[in-house]
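Each remark here refers to the structure printed beneath this line.
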Amino acid sequence: MTIAKVAVLGSGVMGSGIAAHMANAGIPVVLLDIVPKDATDRNMLTQKAIEKQLAANPSGFTHKSKAKLVTCGNLEDNLDLLKDVDWIIEVVLEKLEVKQELYKKIDPIRKKGSVVSSNTSTLPLHVLVNGMPDQFQQDFMITHFFNPPRFMRLLEMVPGPKTRKEAYAEIKRFADIKLGKGVVDCKDTPGFIANRIGVFWMMAGVLEAIRLGLSVEEADAIMGRPFGIPKTGVFGLLDLIGIDLMPLIATSMMATLPKTDPFCQMYQLPDVVKKMIADGYTGRKGKGGFYRINKEGGKKVKEVIDLKTGEYHPEKKPQLESIAAAKAGAGALMMHPDKGGQYARSVMGKVLAYTASLIPEMADDIVSVDNAMKWGYSWKMGPFEMIDKLGSANIVKALEAEKIPVPPLLAKTGGKPLYQVADNKRQYFTVKGDYAPMPQVEGVWSLADKKLGSKPLAKNGSAALWDIGDGIACLELTSKMNSVDPDILTMMEKSIEIVKGGFKGLVIGSDSDNFSAGANLGFILYAANMAAWPMINDVIRQGQRAVMALKYAPFPVVSALGGLALGGGCEIVLHSDAVQAHIESYTGLVEVGVGVIPAWGGCTEMLLRHLQGLPQGGAMPAIAKVFEYIATAKVAGSADEAKDMKILHQGCRISMNRVRLLPDAKQLCLSLADSYTPPQPATLSLPGPSAKTALLMALDQFVATGKATPHDVVVCKHLAHVLSGGDTDMTDTLTEQQMLDLEYEAFVDLIKTKGTLARIETMLETGKPLRN
């Protein structure tokens, strides 16, 4: 079977989010919901849900045009739309009778062999299908998405005893390749994996903070970044998902878990939380939660609830010694004697012990559990990876100190790691007490896999070149946030020479979250403060040489774009022959924010792309559009939007799954290699001073409406000069080198201004642009 069309039943936040993400994958989707009482528009719920997805920031859609793939309807008039659907996803109320009534309604109508799945997170599969025909049970499974579906990678899948294996395999394959999901096979147990652990962790975090007398700020500072957990910690996360969901989820868990389960023995809803829910303080969707924004004297003030009194106070920076000690690692935090260390030991000790005790009840292997928490809760390390990081022997000691029973799995390790590398292969510790190879998905590998047991072709402090097989080399950026510095530029030029000597093509990419955050501003500010202008001049020229070498190399260069590609990182992407982009790629030329303009060919290449197809002499629309993008530091919100901006051209491809990005980029590079010919040197015909005058008039309007600051004017005047072609005449032809010279001259002028240096300094100190 193949999945060509999908239906989603239920248009709440989750249902409409799933429908939007199906559309992101290019799949036509039917969205149905109930007819509201006395409604004049019977499709009102689904239509409003899609409007909300479009209006959300960020949107549930990767591009507004994708919404056209969604057909809105209702469950009374439009059930016939299910007749040609391959996969029906039920996302209605978490009430058994509601779900079963719907299943009986759709079963006679649906296409033979179509898959039906539930997005439930609380009801067991065997209960859902109880009393349903065998054929329905064979086509049924649980597919539990995480919110928001566009961004959260985890998909927990549960088959029933009668579920067709081929149907389950097809949904799993589709979810991986088309939806970009990390699929975890789960057993039919309460909460499956991620919520079973995550809800326990949140409950333990709240109760232990109250018991030990920690403030909300202190608890979140401890239970967040030190453990590789998002900075929201426990209380911030509860605000995000809705505090009122705590008792609902807990009630469901208590109803299905045995009374001996540690969650059932631990759970209680604190009085302060009961009062918050009663008063409407349910988190971000309500009047506020553990955190709230209050207005004082016309200014917004972030306030935090006191867990003892229930009163709010202005947010305070935690001062516990253990939090400072956490800079040395989570281990130092857990060993600290103060109440912060005690909190870390107690909460994470309980969580890690609980998790380990659920193998194999909840999952057959530790890898599934770690992936579920990384993909569903955005933890940088899964629980078992944390145990390895902290040392299993240390965890056992901590559990014994807290009088928490040591799970059999941990006792079996005897202090050995849960993950290891043997014979250049990754392995994990099994419930049998031995090691097994890490599970592999066909066609998926990481750069870390390729690096096992091999040496780089070349390496320096900020980059390395690797042989990834089949005649393709991979240039890996390794600096902080992959920011581009002279070492990277040197390695780019060196890589060109090495690949010329015996490779078919070059991929630029890595396993890191971001492609490149741009040029290394610290280096530039250091040189500027030393008045080492020749050093800055050299790095601009070196960058220009490097990107031109990429563009005109005698072999294909493919950028594997994922995450951020800003400024100089975007310029590397622009000068690649092709780009394999993860759908969640955020790229743009943002140099104006730090008081300069793109000078590694960004202005020139963007002009060339926007000029393509325009009639001779019709350059002004292209110039105006590029001026708008660069002057406003516009960043594409997805790979789809990057196509609109022409940062990605028609030869570029999109990967929905981040783990497939490098393999896909390698295949794209190979497909270009056999018949590759480098591009011909480009030329531009630009209007010169007349175009500059038009751009400056537009800039005056930005100033008049308060959209441009005084230093924006300084920067954008230089930008207008470059994009118009300087003092050229429209009858003249400019080479790329002449355009690069204009970029260079503008950059070296701007870097010497006080306004630009202030912008760079502020960006480095705060991470935010200075509007001077």
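The values are calculated or read from the model by the stated rules, or taken from the named source; none is laboratory data. This structure is a prediction, so every number in the text was calculated from the model and none was measured. Cβ coordinates were reconstructed from backbone atoms using ideal geometry, including for glycine residues, and neighbour counts include every protein chain displayed. The accessibility values were calculated without ligands, DNA or RNA, using every heavy atom of the protein model including side chains. Shrake-Rupley method; radii C 1.70, N 1.55, O 1.52, S 1.80 Å.
When region 516-549 is filtered for residues that are open to solvent by less than 40 Å² (accessible area, probe 1.4 Å) and in contact with a Ser or Thr (Cβ under 7 Å, 6 or more places away or on another chain), the ones remaining, listed by number, are Ser516, Ala517, Gly518, Ala519. Against the test of being in a helix (DSSP H, G or I) and within 25 Å of Ser357 (Cα to Cα), the options Glu217, Glu208 yield a single qualifying residue, Glu208.
It is to be established whether one or more residues within region 284-299 are crowded, with 20+ Cβ neighbours inside 10 Å and of a type in the set (Val, Ile, Thr). Scanning region 284-299, I find no residue that is crowded, with 20+ Cβ neighbours inside 10 Å and of a type in the set (Val, Ile, Thr), so the answer is no.
Pull up region 144-194, narrow it to residues that are in contact with a helix residue (DSSP H, G or I) (Cβ under 6 Å, 6 or more places away or on another chain) and among the charged types (D, E, K, R), then point me to the one that is least open to solvent (accessible area, probe 1.4 Å). Looking at the filtered set, the residue picked out is Lys181. Scanning region 741-755 for residues that are exposed (fewer than 14 other Cβ atoms within 10 Å of the Cβ) and not charged (D, E, K, R) turns up nothing.
Yes or no: region 441-462 includes at least one residue that is under 30 Å from Asp538 (Cα atoms), crowded, with 18+ Cβ neighbours inside 10 Å and out of contact with any Cys (no Cβ under 6 Å at 6 or more places or on another chain). Yes, there is a match, as at least one residue in region 441-462 is under 30 Å from Asp538 (Cα atoms), crowded, with 18+ Cβ neighbours inside 10 Å and out of contact with any Cys (no Cβ under 6 Å at 6 or more places or on another chain). Among the residues that make up region 238-253, is at least one of them at pLDDT 95 or above, within 29 Å of Glu361 (Cβ to Cβ) and not in a loop (DSSP other than H, G, I, E, B)? Yes; the residues of region 238-253 include at least one that is at pLDDT 95 or above, within 29 Å of Glu361 (Cβ to Cβ) and not in a loop (DSSP other than H, G, I, E, B). Does region 227-235 include one or more residues that are surrounded by 13 or more Cβ atoms within 10 Å (Cβ to Cβ), within 25 Å of Lys380 (Cβ to Cβ) and in contact with a strand residue (DSSP E or B) (Cβ under 9 Å, 6 or more places away or on another chain)? The answer is yes; a qualifying residue exists. All of Glu493, Glu476 fail the test of being at negative phi, assigned to a strand (DSSP E or B) and either modelled with pLDDT of 95 or more or buried (at least 24 other Cβ atoms within 10 Å of the Cβ) (or both), apart from Glu476.
Among residues of region 737-749 that are closer than 11 Å to Asn537 by Cα, none has a beta-carbon under 7 Å from a residue that is among the acidic types (Asp, Glu) and in a helix (DSSP H, G or I) at least six positions away or on a different chain.
Going by what's in this entry, would Ala372 be described as farther than 17 Å from Met223 by Cβ and either open to solvent by less than 10 Å² (accessible area, probe 1.4 Å) or in a loop (DSSP other than H, G, I, E, B) (or both)? Yes, satisfied.
Scanning region 577-589 for residues that are crowded, with 24+ Cβ neighbours inside 10 Å and of a type in the set (A, V, I, L, M), which turns out farthest from Lys66 (Cα to Cα)? Only one residue fits best here, namely Leu589. The condition (being exposed (fewer than 15 other Cβ atoms within 10 Å of the Cβ), under 33 Å from the mean Cα position of the chain (by Cα) and either among the polar types (S, T, N, Q) or on the phi > 0 side of the Ramachandran plot (or both)) is satisfied by just one residue among Gln650, Gln667, Gln701, Gln680: Gln650. Would it be correct to say that Gly224 is of a type outside the set (Val, Ile, Thr) and touching a residue at least 24 places away in the same chain (Cβ under 8 Å)? When the stated conditions are applied, Gly224 does not pass them. Quick check on Ile387: is it in a loop (DSSP other than H, G, I, E, B) and crowded, with 18+ Cβ neighbours inside 10 Å? So Ile387 fails the test. Can you find a residue that is open to solvent by 10 Å² or more (accessible area, probe 1.4 Å), within 20 Å of Leu320 (Cα to Cα) and touching a residue at least 24 places away in the same chain (Cβ under 8 Å) anywhere in region 195-202? Taking every residue of region 195-202 in turn, none turns out to be open to solvent by 10 Å² or more (accessible area, probe 1.4 Å), within 20 Å of Leu320 (Cα to Cα) and touching a residue at least 24 places away in the same chain (Cβ under 8 Å). Can you run down the residue pairs with Cβ atoms below 7 Å, 6 or more apart or on separate chains, where the first is in region 673-690 and farther than 29 Å from Ile623 by Cα and the partner is open to solvent by 30 Å² or more (accessible area, probe 1.4 Å)? Close Cβ pairs satisfying both conditions: Ala673/Lys504. All of Asp306, Asp338 fail the test of being touching a Ser or Thr at 6+ places or on another chain (Cβ under 6 Å) and either surrounded by fewer than 21 Cβ atoms within 10 Å (Cβ to Cβ) or under 12 Å from Ala221 (Cα atoms) (or both), apart from Asp338. Which of the strands (runs of 3 or more DSSP E) found entirely inside region 1-95 contain at least 2 residues meeting this: open to solvent by 40 Å² or more (accessible area, probe 1.4 Å) and within 30 Å of Gly191 (Cβ to Cβ)? Because the criterion is at least 2 residues that are open to solvent by 40 Å² or more (accessible area, probe 1.4 Å) and within 30 Å of Gly191 (Cβ to Cβ), no strands (runs of 3 or more DSSP E) in region 1-95 meet it. In this structure, does Asp449 turn out to be farther than 23 Å from Ala565 by Cβ and modelled with pLDDT of 95 or more? For Asp449, the condition - farther than 23 Å from Ala565 by Cβ and modelled with pLDDT of 95 or more - is not met.
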